[in-house]
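A quick write-up on the structure given underneath.
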Amino acid sequence: MLKGKHIILGITGGIAAYKSVSLLRLFVKAGAEVQVVITPAGKEFITPVTLSALSGRPVISEFFTANTGQWNSHVDIGLWADAMVIAPATASTIAKMACGVADNMLVTTYLSAKAPVFVAPAMDLDMMAHPTTQRNIDLLRSYGNHIIDSRAGELASHLVGKGRMAEPEEILAAVDAFFESSLTMKGLKVRVTAGPTYEKIDPVRFIGNYSSGKMGYAIADEAARRGADVTVVSGPVSVSPSEPGVKVVRVESAREMMEAARREFAEADVAVMAAAVADYAPAEQAQSKIKREGAEPPVIRLVKNPDIAAALGEVKRSGQTLVGFALETDHEMENAADKMRRKNLDMIVLNSLRDSGAGFGTDTNLVTMLTADGRSKRYDLKPKREVASDILDQICALR
């Protein structure tokens, strides 16, 4: 579950910092990207050179880089992360976290983090048992932090008691288990629209677009892998679900898709509007094929199709999550944010036709996700199956 996850590993000034090297290696081996943030005291126990070599990233310790004056943005780091793990967490750092004393880069990053935070305390037994430390740990737990309890054993003081940091394997397992439990969709009803719509001109011609349906079907398959009850309302496509149990409701026109989407949304927990619905349809449909010979080219008058996402946004009830897509060519972020607001969406997935490898017909996609609380996150170019996983990760985080 850690593959592709962004992990902040916070290291403080305790002898257990030597174990953080093993924890870092385990995270990297599991496929996570790790950014180390270390306190000045932590550098007395383990060198940034070692940590940077293992993580493949410069280690952050100060607010500014000494040689260049470059500012290390704790806000950007906090938004980048999928999880923050502080191991070891000393009594001093725990107290600062509990009281909001932002006098170093690690605590400032903690206060900016939007992701779940895991704290692995490590200190001598008397410090651990002190009422102040116990109160501060309880405060952190009450704030929603995940406390990975210390273990009993021989300590650096050669005393024996509770205070040893949990082993790196235990910490890794706790973080992995969190993602496994939080990202499951077992019991949820997920409804996805996919593909284009065809708007008939006559029995053999139509107005449509180049959507292949690959993104919508990838989302449906990934939701099914996570245990959801999945139905796809699909326009005309050549792809099909790869996961057993994914139900498909086939439609052709935007109005047919609207009818089916309304019906499916009534019982949905999550709805993802990945279809590329034609904005317009011919006002009249010829009942027989329009002949070319001996006739002037026909003038096709268009009318607006229904806005399916907006219609569902109007009837969305508490507990339902509604996600839309935006394919833009200019002013992408502004247009996507406006679309999300107007249609009462909880999240919108932005594609730009200016990005190579994104958009219709490709096996890859490059997206930026915007949420109704004002956050946004841009992802790298990936296969659509991996993009689907990123989308569902974010949906699970919203619920």
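In region 188-213, how many residues are of a type in the set (Asp, Glu) and within 17 Å of Ala271 (Cβ to Cβ)? Talk me through it step by step, then tell me what you get.
Filtering region 188-213 for residues of a type in the set (Asp, Glu) gives 199, 202.
Still in the list and also within 17 Å of Ala271 (Cβ to Cβ): none.
Residues flagged as of a type in the set (Asp, Glu) and within 17 Å of Ala271 (Cβ to Cβ) within region 188-213 amount to 0.
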Completion exercise
When Gly324 is run through (1) in a strand (DSSP E or B); (2) touching a residue at least 60 places away in the same chain (Cβ under 8 Å), the failure sits at (2)
Handout entry: Residues satisfying the stated conditions in region 81-137, i.e. closer than 16 Å to Thr12 by Cα and charged (D, E, K, R)
Key = Lys96, Asp103, Asp124
Practice task
Filter region 25-56 down to residues that are assigned to a loop (DSSP other than H, G, I, E, B), open to solvent by 30 Å² or more (accessible area, probe 1.4 Å) and of a type in the set (S, T, N, Q), then give me how many there are.
Solution key: 1
Practice task
Working only within region 338-356, note down all residues that are surrounded by 19 or more Cβ atoms within 10 Å (Cβ to Cβ) and in a helix (DSSP H, G or I).
Solution key: Lys339, Met340
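Restricting to region 357-399, and then to whatever is out of contact with any strand residue (DSSP E or B) (no Cβ under 8 Å at 6 or more places or on another chain) and of a type in the set (D, E, K, R), can you tell me which residue is most open to solvent (accessible area, probe 1.4 Å)?
Quick first cut of region 357-399, residues out of contact with any strand residue (DSSP E or B) (no Cβ under 8 Å at 6 or more places or on another chain) only: 361-362, 373-375, 380, 385-386, 388-389, 392-393, 396-397.
Of the ones still in play, those that are also of a type in the set (D, E, K, R) are 373, 375, 380, 385-386, 393.
Values: Asp373: 99, Arg375: 81, Asp380: 112, Arg385: 146, Glu386: 89, Asp393: 28 Å².
Among those that are out of contact with any strand residue (DSSP E or B) (no Cβ under 8 Å at 6 or more places or on another chain) and of a type in the set (D, E, K, R), it is Arg385.
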Practice task
Restricting attention to strands (runs of 3 or more DSSP E) lying wholly within region 94-209, give those where 2 or more residues are within 30 Å of Ala326 (Cα to Cα).
Solution key: 189-194, 199-202, 205-207
Practice task
Answer with yes or no whether Lys291 is of a type in the set (Lys, Arg), touching a strand residue (DSSP E or B) at 6+ places or on another chain (Cβ under 8 Å) and farther than 15 Å from Met369 by Cβ.
Solution key: no
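The values are calculated or read from the model by the stated rules, or taken from the named source; none is laboratory data. This is a predicted model, so every value here is computed, not measured. Cβ sites come from the backbone with ideal geometry, for glycine too, and all protein chains shown count toward neighbours. Remember, those area values only see protein heavy atoms, side chains included, never the ligands or the DNA or RNA. Shrake-Rupley method; radii C 1.70, N 1.55, O 1.52, S 1.80 Å.
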